[in-house]
Each structure stands twice: as structure tokens, then as C-alpha cells.
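Encoded as C-alpha cells, the structure appears first; notes follow it.
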There are 2 protein chains.
Amino acid sequence: MSDTRLTVGGLVYPGFELLDLFGPLEMFSLLGAERVAIHLIGKTAGPVPAAVTADIVAGPKAVADFGYFDAPKLDVLIIPGGFGTFPALTDDALLDYLRATAGTGTLLASVCTGAALLAKAGLLDGKRATTNKQFFSLVRNQRDAVDWVEAARWVDADQFVTASGVSAGMDMALAVIARLFGNDVADGVAVAAEYTWHRDADHDPFVAHLDELAG
Amino acid sequence: MSDTRLTVGGLVYPGFELLDLFGPLEMFSLLGAERVAIHLIGKTAGPVPAAVTADIVAGPKAVADFGYFDAPKLDVLIIPGGFGTFPALTDDALLDYLRATAGTGTLLASVCTGAALLAKAGLLDGKRATTNKQFFSLVRNQRDAVDWVEAARWVDADQFVTASGVSAGMDMALAVIARLFGNDVADGVAVAAEYTWHRDADHDPFVAHLDELAG
């Protein structure tokens, strides 16, 4: 850890999905201010809009505390998906930031279509990974060199952890917390959030909806 | 509805709990930009920090799109809880905004300790309501005239809907969406969020933790 506290970042880009980002950050926030510091990271410091489905700037705005070039060293970076993921796939500054962050040993944890960004950056080559069920092929088609897993709530490939759609990010975050702080701490976080933690990474309740929207 | 679209507001005040706010707003955002507009409302327009447990300004910042005095008419207002709730109980401008908003017929939906704000504003007198389990008595002690329900995932009292802690807000939001758009639409939202919807308002998996932290 870069400090006595765990330093957790959340990536923000126009059209990120609210719960992909703030579900996992909620779980980390419940570790308490003595154990964790949370920062939002964007292209530059300042407000960034979330998506409302089909409109990538219609949602609430979050404030990036840092830009890519002045962001602190992170222990964990949460990479949300959302309707803004697809235009972000051609954003070289974002992909470079992901590669540079991975190079410092940060644990990179994607939610939903956020896995497409890690894949496009080449960070998942030869690794197991998963993503949103309803848009699975759209993500898979970004990178053949990834070992895409259809049926998984999340996939833990050590430095790169990828969650299925939206809500799955909360289950993944609890698993990362369990890895870093132990099961009892993760259980306490789930109870404080009144969250019924889906603990089995391999059980995927939504795989029946594979490619329902993405074709 | 104030427009052809549903207008949903999210209240922000220093130390709000991230998932209390963004869990419900995620569910509304999945209705799509053609059916819903989402705005954050604060004391004034501008950035407002969320809580990291025990520190009400340590969390990510969201941007209030409007202040209380220029906020649009809302169909639904989400009222999050969080460690910032307790100082907010003496914020007359906030309580006045809740009363004024209720007066226009807006559906007011609280999550977690957000119910304390509705109670303190006098809006829940004589009504059934619930709140966070671990801090139940702290909230109940704000107002005797409320019919506080210990075991409930959420309580639907028509114009005022109150959810239990944090994650329960997502279940409540889906129930509100089902009321406004029908069950099939709410089911579609839950699947798009890959969220296992807890549908029974009366089943409370966390009531065993009543007052665990608040004593």
C-alpha cells in the first residue's frame, strides 16, 4: 500500500455507469476513513457526466479529483463500464493511463463493459476475464487474445479482476476487500451495506441473457 | 409527471452515502434517456462530498445541478442517508426544501438514515416508515410520531417510501419503477443491472443486526 491507508481510485469518463463505479466505491468507503482514501481520476480534474442509458452525458456528474498526469499512486483502481465505454475505446490517453497504472502494480478491477477498456489496452491478453452479459460479444470482439469467460459473476486473474454487469461490481469489490483485509472485514462491510453478498464467483445468475441486447 | 419524461431528483448534502443515492439513480437511469431525466439537487449548485465512514467530506464529490431555490418540479426525489445525515438534521433550509417538495406532490423516497430527515421535517408523522438497521434507534429517536417498522426491507406509505440500509434503496427503487411503469419494465431494469431484486418489502435479512452500532 502506498500509504498507511489503502488508496482506491475510481476512473471517470463521460458516460460511465453510476453503479459500476459507486457500488464498489461504497464497499471500500465502509472500510472507514482510517483505513481507506478514495479518489476519482479523469482525463483532467473536474466534473464528468454519467450515462442515462443511450445518452452518455445525461446523467449526474462526479468530480475527478485528479487528472491522469497528476494522479497519486493507487493500490486499487475501479474501471466502470457504461454507454460511454465504446467511444472511450479510441481514447489513447485513457488506454495509456491504464497501462501506466498497471505498470506500477495497482490492482485493476473492471465492472461491466469496463473490461473492454482493459482488453483494448492489451492488459488482459492470455488472461481469463468476463464482462456484462447483455453486451458480451460487443466486448469480446474488442480482443481475441483474451480468454473470455461467459458464465462468471467475476473473474479473479490476480492483478486484473473483471466483474460481470453493473451489480456484480459490488460482489467483486467485497472479494477484493476479503483478499486485502480478510473475510471478517468483508462480511462486516456487507452487513453495514445491508447487502446480500453473492460470494460464488463462478455462479452467474444472468448468463441466460447473454447477448440479449448486443446480438 | 412534470414533462413527457419522468423527472427524478437526487438530494446531495455533505456526507451522503454513495450507494444510498447512486443505487436508486442507477435503476432509474436504466429506464433510458427517452423516459427519464435525472438531476442532483443541493443547497446550491456545485460539488458536494460523499462520506467515507466517519468522515463526511472524505468521499467522492457529486455535482448538484440545482440549488433548492431553482430546482425543477420533480416526480420523484431520492433522499440518501449517510454519516452526514446527523448534522443535516439541524439544517432548516434542507428540511424546508423537503416540506416544499412534498407540497408539490413529489414522491419522496429515502434510503437508510435519510428517513431521519423526512421524520425531522414532520413528513412521516402518523405514517409507517423504516430505516438503517444498525442505527435504528438513533433515527427512531428523532421523532416519536412516526410508526417506525423494525423489520422491513422498505415501507411504502404512498407518497413517502422509506428503505432500510444502503442496498435496500435499489430494491425500493425497483418497486417504485414497477408502480410507475409496470412490473415488466422493472424486471427489465433489474436484468440490465444484473441485480437479483429482493422483491418482498416485508422480508428483512438484516433485522438481526438492529442497533448493533447505535446501541
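Table for the structure above
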item	result
Test: B:ALA145 is away from chain A (no Cβ under 13 Å), open to solvent by 30 Å² or more (accessible area, probe 1.4 Å) and at pLDDT 95 or above	yes
Qualifying residue in region B:114-137 (condition: among the aliphatic types (A, V, I, L, M), more than 19 Å from B:LEU31 (Cα to Cα) and at pLDDT below 95)	no
Among the candidates A:LEU19, A:LEU11, residue that is facing chain B (nearest Cβ under 7 Å) and surrounded by 24 or more Cβ atoms within 10 Å (Cβ to Cβ)	A:LEU19
Top-ranked residue of region B:122-138 - restricted to ones that are open to solvent by 10 Å² or more (accessible area, probe 1.4 Å) and among the hydrophobic types (A, V, I, L, M, F, W, C), ranked as nearest to B:VAL207 (Cα to Cα)	B:PHE135
Flag for B:ALA201 being within 18 Å of the chain's Cα centre (by Cα) and surrounded by fewer than 24 Cβ atoms within 10 Å (Cβ to Cβ)	yes
Test result for B:LEU98, within 22 Å of B:TRP148 (Cβ to Cβ), touching a residue at least 24 places away in the same chain (Cβ under 8 Å), among the hydrophobic types (A, V, I, L, M, F, W, C) and more than 14 Å from chain A (Cβ to nearest Cβ)	yes
Tally, over region B:156-166, of residues that are among the acidic types (Asp, Glu) and either within 8 Å of chain A (Cβ to nearest Cβ) or outside any strand (DSSP E or B) (or both)	1
Among (1) within 12 Å of chain B (Cβ to nearest Cβ); (2) out of contact with any strand residue (DSSP E or B) (no Cβ under 9 Å at 6 or more places or on another chain); (3) buried (at least 17 other Cβ atoms within 10 Å of the Cβ) - the single one A:ALA152 does not satisfy	(2)
Residue within region B:195-203 that is of a type in the set (Val, Ile, Thr) and touching a strand residue (DSSP E or B) at 6+ places or on another chain (Cβ under 9 Å) present	no
Candidate set from region B:167-215 (those that are at pLDDT 95 or above and on the phi > 0 side of the Ramachandran plot); member that is farthest from the other protein chains (Cβ to nearest Cβ)	B:GLY182
Flag if B:ASP92 is free of Cβ contacts under 8 Å to residues at least 24 places away in the same chain and either over 22 Å from B:SER167 (Cβ atoms) or open to solvent by 10 Å² or more (accessible area, probe 1.4 Å) (or both)	yes
Residue, surrounded by the most Cβ atoms within 10 Å (Cβ to Cβ), within region A:39-84, restricted to residues that are closer than 18 Å to A:ALA102 by Cα and within 10 Å of chain B (Cβ to nearest Cβ)	A:LEU40
Flag if A:LEU174 is of a type outside the set (S, T, N, Q), under 19 Å from A:LEU11 (Cβ atoms), out of contact with any Cys (no Cβ under 9 Å at 6 or more places or on another chain) and open to solvent by less than 10 Å² (accessible area, probe 1.4 Å)	no
Any chance A:ALA173 is in a helix (DSSP H, G or I) and within 16 Å of B:TYR195 (Cβ to Cβ)	yes
Every residue from region B:22-32 that is assigned to a loop (DSSP other than H, G, I, E, B) and open to solvent by less than 20 Å² (accessible area, probe 1.4 Å)	B:LEU31, B:GLY32
Test: A:THR106 is open to solvent by 40 Å² or more (accessible area, probe 1.4 Å) and β-branched (Val, Ile, Thr)	no
Selected residue (only one of B:PHE181, B:PHE206 is in contact (Cβ under 8 Å) with a residue 40 or more places away in the chain, among the aromatic types (Phe, Trp, Tyr) and open to solvent by 30 Å² or more (accessible area, probe 1.4 Å))	B:PHE181
Test: A:ARG35 is within 11 Å of chain B (Cβ to nearest Cβ) and of a type in the set (Lys, Arg)	yes
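The values are calculated or read from the model by the stated rules, or taken from the named source; none is laboratory data. Only a predicted model underlies this, so the values are computations on that prediction, with no experimental measurement involved. Neighbour counts are summed over all protein chains in view; Cβ atoms, including those assigned to glycine, are modelled from backbone coordinates with ideal geometry. SASA here: full protein model, heavy atoms, side chains in, ligands and nucleic acids out. Shrake-Rupley method; radii C 1.70, N 1.55, O 1.52, S 1.80 Å.
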